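Q: I am attaching a structure below and will ask some questions about it afterwards.
The values are calculated or read from the model by the stated rules, or taken from the named source; none is laboratory data. Computed from a prediction, not measured in an experiment: that's the story for all the values here. Neighbour counts are summed over all protein chains in view; Cβ atoms, including those assigned to glycine, are modelled from backbone coordinates with ideal geometry.
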Amino acid sequence: MNEFISREKRVCAANYDPVPIILSEAQGVWVKDTAGKRYLDMMSAYSAVSLGHGHPRILKTMMEQASKLAVISRAYYTPYLGAFIEKLVGLTGLDVALPMNTGAEAVETAIKASRRWGYRNRNIPANKAEIIVAAENFHGRTTTIIGFSSEEAYRDGFGPFDGGFRTVPFGNAEALEAAITPHTCAVLVEPIQGEAGIVVPPEGYLKQIREICNRHGILMILDEVQSGLGRTGRWFAFQHEGIKPDGLILGKALGGGVYPVSAFVATRDVMQVFNPGSHGSTFGGNPLAAAIGLESLRTIEDERLVERSAELGGYLADRLKSIRSNMIKDVRGKGLWIGVEVDPSGVSARQLCLDLAEEGILSKDTHETVLRFAPPLTISRDELDWGLERVERVFLRRTQAV
């Protein structure tokens, strides 16, 4: 066993099962391992590296801000946070944001806001608030969040859970409406389910949820930690259906691939539930995070990466659909976010990831049946073609072998 792998296994908790590649450097869409082999990154750290590795604008901002003022806590004002949040709320069309660090923290913030809003605006009895969620969701791994996960492996041995969630099938607006009770304060869903395998709901689903929430006077909260910031070919996935949520959860790409930055963005009505001391984070909204977050948004805008995602995403999907392999059961997604569902009776998605790595492609499986492709939004057509040639080669070789 390689010394780097054996050292990590010896001292790190085994909460991940990495592909056995030792990556040591990266630039743009390319990553190198310790032996000098180059790989095309078709995962971009689950959208956290949407701007590519080591984007010069992000690195310049990070170094300049870190040398000036990095972390001071929200106990004081700074010149940096307001500019970042102003840009963020302007892009979303919402009013107020609460900055955090990780996506899971932003989800927890949304849950707290929704519950308090329900108590104050729907007269829900104390400690009885309910939030409707979708089956097969993935919103993070805190104890609150895994309490309403459909994945038993995420829950096993971590209870008791606090409850307060009702689960309905993803994509079924009728079941969602039937689950609403006088204790319901919000609906929390991903516009596209990422960890479940890039599952796209029926067209009009988000619009139906918006109408249902309006009709019943409850909040519509969308988790766009992965789907937001250009990944699906629009700034935010909800824009594909021309609606606007009451609250939006963002993260990953907001940190420019170098720093954890997240936020819960919502209407002023929702955010009014917070008062000093009701929520916070030592690192949330620090000057370094604010500077990087702002520059990330400006870079996406200036380099027209949303438009690139829409254009190249359609090309990526068409090329994957054109591969003549009976191993491929489905190709689905939006923008540069595509899932390829494979027939597990042939070769597992995990094995296909290993095959792709041999060809110089970094991808990742989920649930042993889906390969995920989500390259940095900075990828070029030529780089995408280089990768697709090798993806096709792997599928055709495996198809012949089977």
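Q: Taking region 363-402, which residues are under 30 Å from ARG298 (Cα atoms) and in a loop (DSSP other than H, G, I, E, B)?
A: Within region 363-402, SER363, ALA374, PRO375, PRO376, LEU377, THR378, ILE379, SER380 meet the criteria.
Q: With the checklist (1) assigned to a helix (DSSP H, G or I); (2) of a type outside the set (Lys, Arg); (3) farther than 28 Å from HIS139 by Cβ in hand, flag the one item ALA106 doesn't pass.
A: Unmet condition: (3).
Q: If GLY314 satisfies every condition in (1) assigned to a helix (DSSP H, G or I); (2) crowded, with 19+ Cβ neighbours inside 10 Å but one, which is the exception?
A: Checking GLY314 against (1) assigned to a helix (DSSP H, G or I); (2) crowded, with 19+ Cβ neighbours inside 10 Å, the one that fails is (2).
Q: Pull up region 133-160, narrow it to residues that are of a type outside the set (A, V, I, L, M, F, W, C), without any contact (Cβ under 8 Å) to a residue 12 or more places away in the chain and part of a helix (DSSP H, G or I), then point me to the one that is farthest from HIS367 (Cα to Cα).
A: This residue is ARG155.
Q: Just to be sure before I move on: is LEU396 out of contact with any strand residue (DSSP E or B) (no Cβ under 8 Å at 6 or more places or on another chain) and either among the polar types (S, T, N, Q) or farther than 20 Å from SER322 by Cα (or both) in the structure I sent? Explain how you work it out, then say what you get.
A: Details: out of contact with any strand residue (DSSP E or B) (no Cβ under 8 Å at 6 or more places or on another chain): yes; either among the polar types (S, T, N, Q) or farther than 20 Å from SER322 by Cα (or both): no.
Considered against the rule, which asks whether it is out of contact with any strand residue (DSSP E or B) (no Cβ under 8 Å at 6 or more places or on another chain) and either among the polar types (S, T, N, Q) or farther than 20 Å from SER322 by Cα (or both), LEU396 comes out as no.
Q: Here's something else I'd like to know. Kindly check whether there is at least one residue in region 279-289 that is in a helix (DSSP H, G or I), under 20 Å from the mean Cα position of the chain (by Cα) and under 18 Å from ASP382 (Cα atoms).
A: Within region 279-289, none of the residues are in a helix (DSSP H, G or I), under 20 Å from the mean Cα position of the chain (by Cα) and under 18 Å from ASP382 (Cα atoms).
Q: Ok, one more. PRO191 versus (1) modelled with pLDDT of 95 or more; (2) surrounded by fewer than 18 Cβ atoms within 10 Å (Cβ to Cβ): which is the lone unmet condition?
A: That leaves (2) as the condition not met.
Q: Out of all the residues in region 228-249, is one or more in contact with a Ser or Thr (Cβ under 6 Å, 6 or more places away or on another chain), assigned by TED's automatic domain parsing to the domain that holds ARG74 and more than 18 Å from PRO375 (Cβ to Cβ)?
A: First, the residues of region 228-249 that are in contact with a Ser or Thr (Cβ under 6 Å, 6 or more places away or on another chain): 230-231, 233, 237, 246, 248.
Then drop every residue that is not assigned by TED's automatic domain parsing to the domain that holds ARG74, which leaves 230-231, 233, 237, 246, 248.
Next cut, more than 18 Å from PRO375 (Cβ to Cβ) only: 246, 248.
Yes: one or more hits.
Q: Given the conditions (1) over 21 Å from the mean Cα position of the chain (by Cα); (2) in contact (Cβ under 8 Å) with a residue 60 or more places away in the chain, report the number of the one that VAL394 does not fulfil.
A: Just one mismatch for VAL394, condition (2).
Q: Across region 2-60, what is the total count of residues that are small (Gly, Ala, Ser) and part of a strand (DSSP E or B)?
A: 3
Q: Checking the structure you have, find out if any residue of region 292-304 is in contact with a helix residue (DSSP H, G or I) (Cβ under 8 Å, 6 or more places away or on another chain), modelled with pLDDT of 95 or more and more than 23 Å from LEU88 (Cβ to Cβ).
A: There is no residue in region 292-304 that is in contact with a helix residue (DSSP H, G or I) (Cβ under 8 Å, 6 or more places away or on another chain), modelled with pLDDT of 95 or more and more than 23 Å from LEU88 (Cβ to Cβ).
Q: Can you work out which of the residues in region 322-362 that are of a type in the set (Lys, Arg) and assigned to a strand (DSSP E or B) is surrounded by the most Cβ atoms within 10 Å (Cβ to Cβ)?
A: ARG332
Q: Shifting gears a bit: What are the residues in region 110-166 that are under 21 Å from the mean Cα position of the chain (by Cα), of a type in the set (Asp, Glu) and buried (at least 17 other Cβ atoms within 10 Å of the Cβ), if any?
A: Matches in region 110-166: GLU136 only.
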